[in-house]
1. Where in segment A:7-121 are there helices (runs of 4 or more DSSP H), lying fully within it, with 1 or more residues that are open to solvent by 40 Å² or more (accessible area, probe 1.4 Å) and of a type in the set (S, T, N, Q)?
2. Open to solvent by 20 Å² or more (accessible area, probe 1.4 Å), farther than 24 Å from A:SER147 by Cβ and facing another protein chain (nearest Cβ under 8 Å): is that true of B:ASP120 in this structure?
3. Restricting attention to segment A:59-107, which residues are of a type in the set (Ser, Thr, Tyr) and touching a residue at least 24 places away in the same chain (Cβ under 8 Å)?
4. Any chance you could count how many residues in segment A:1-46 are out of contact with any Ser or Thr (no Cβ under 8 Å at 6 or more places or on another chain) and of a type in the set (Lys, Arg)?
5. Take segment B:142-174 and flag every residue that is surrounded by 14 or more Cβ atoms within 10 Å (Cβ to Cβ) and part of a loop (DSSP other than H, G, I, E, B).
6. List, please: which pairs have Cβ atoms under 7 Å, are six or more places apart or on different chains, and start with a residue in segment A:25-44 that is farther than 26 Å from A:VAL115 by Cβ and end with one that is acidic (Asp, Glu) and surrounded by 14 or more Cβ atoms within 10 Å (Cβ to Cβ)?
7. Among helices (runs of 4 or more DSSP H) lying entirely in segment A:134-199, which contain 3 or more residues that are more than 18 Å from A:ILE30 (Cβ to Cβ)?
8. Within segment A:118-135, which residues are over 20 Å from A:ILE73 (Cβ atoms) and in contact (Cβ under 8 Å) with a residue 60 or more places away in the chain?
Amino acid sequence: MGNRVTFVTYRVSEIPSEDEIFEGIVRGKIGKVDLALGKDKTCGFASFQNPLSTDFSKEDLFFQGLVFVSFRIDRYVVPTCTLRLYVKERIESILKESGRQRIRKEEKEEIADNVRKSLLSKALPAINAYKVIWDIEKRVLRLFCTSRAVRDDFEAWTHEFLGITLSPFNMATIVKDGLGQNMMQKVLHLLPVNFGLGQ
Amino acid sequence: MSDLLDLLKRLEFLGEEFLTYLYVHSFLDDGGFSLGDGRKIGVVAEKMVALEGAQGKSDSTVVRSDELSESEEARIALKMGKKVSVGQFLFAIEGQDYRIVLDKNLCIRSVALPALEAFDPLEQEVEVFEKIGLVEDAVQSLFLDFLEKRMDQSRWSKEMDEITAWLCSPVEEK
């Protein structure tokens with residue numbers, strides 16, 4: 001026994017055609033981070049086999065009736081201690097050049113922002129790629145990650161680019177999919193029982 | 001989506017009851033469950049169980065033991081009216097063992113899969129996908145089977161008697 005996996009399974013709202021899926025994935029591929037606009041994160045689809053690639057072909061995406069794709073999140077980070085040292089150096093240089101003794105709080109914040117942007121442009125992003133496998137006909141999709149933040153980004157992204165709504169596999173989807181209306185009403189009228197022995 | 005969240009919240013107590021039923025039954029009759037369609041699924045609670053009382057997480061009991069059936073602590077928590085909120089179970093499906101961590105919303109937090117048969121990496125991914133599907137199908141079938149019992153007064157009364165009898169039985173000591 002090995003191979004422990006963590007994942008979230010979704011029920012997919014629609015069954016899009018292969019063409020629609022392919023076009024949606026290409027449109028929703030991961031792009032570059034717009035650092036000039038102060039953004040430090042980007043996300044989107046990438047190749048399943050090589051998450052650094054966004055060159056998709058139908059042969060890579062579709063296999064045995066399943067869709068294979070990665071959901072990638074790139075994040076640029078400047079460590080706080082590194083930023084602090086560079087800001088300090090920049091402020092000292094400005095004070096020396098201008099002959100001033102102090103610097104205003106607003107100006108300090110602006111310097112920190114500029115230094116951060118400058119460092120971000122030289123930084124390499126931290127890349128995280130999560131496997132996604134989707135059985136189109138069965139309307140079952142699995143994202144191999146359980147982080148709430150990643151799930152939120154993924155759900156929003158698939159909705160925007162693939163036009164699908166994802167509902168996590170849980171008791172609510174089991175009851176909704178597995179019971180008829182009559183049974184559902186009966187279930188909703190059940191009251192909790194106590195297994196305890198009153199101790 | 002908010003409808004499903006409301007439904008999930010409303011049914012939360014049934015998830016706890018189901019896990020408690022699964023937990024206790026896993027120590028009875030070798031933990032075998034026969035489903036309506038003839039399938040048999042073996043279930044054994046093992047290594048970890050979390051139990052919550054009416055106050056939720058603030059009065060939870062977490063028990064870790066290699067022999068949960070002999071855990072006095074878990075049994076006392078159940079006798080006090082606590083219910084299982086998260087449990088680790090071994091599921092035997094079609095002759096293969098899967099270790100899963102299941103919570104009261106019936107979300108599978110993780111699965112340890114049996115050895116894969118496929119050799120090609122992409123085919124291994126397909127096999128993992130299908131094996132997870134088998135586990136989810138087992139959870140779904142067991143839960144729907146539980147709901148049928150739960151809504152049938154005479155069958156549920158028998159279940160409750162069995163659970164109470166197990167709770168009152170002495171803990172076996174090795």
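The values are calculated or read from the model by the stated rules, or taken from the named source; none is laboratory data. Fair warning: this is a prediction, and the values are worked out from it, not measured in the lab. Note that we place each Cβ from the backbone using ideal geometry, even for glycine, and neighbour counts take in every protein chain shown. Accessible surface areas use protein heavy atoms only, side chains included; no ligands, DNA or RNA. Shrake-Rupley method; radii C 1.70, N 1.55, O 1.52, S 1.80 Å.
1. On the way: elements: A:18-27, A:58-61, A:80-98.
Per the criteria, A:80-98.
2. Numbers: open to solvent by 20 Å² or more (accessible area, probe 1.4 Å): yes; farther than 24 Å from A:SER147 by Cβ: yes; facing another protein chain (nearest Cβ under 8 Å): no.
No, not satisfied.
3. Of segment A:59-107, the ones of a type in the set (Ser, Thr, Tyr) are A:70, A:76, A:80, A:82, A:86, A:93, A:98.
Result: A:SER70, A:TYR76, A:THR82, A:TYR86.
4. Total satisfying the criteria: 3.
5. If the condition is that a residue be surrounded by 14 or more Cβ atoms within 10 Å (Cβ to Cβ) and part of a loop (DSSP other than H, G, I, E, B), then no residue fits.
6. That search, which allows pairs on different chains as well, returns A:ILE30/A:ASP74.
7. Details: elements: A:148-162, A:171-178, A:181-188.
Those helices (runs of 4 or more DSSP H) span A:171-178, A:181-188.
8. A:ASP135
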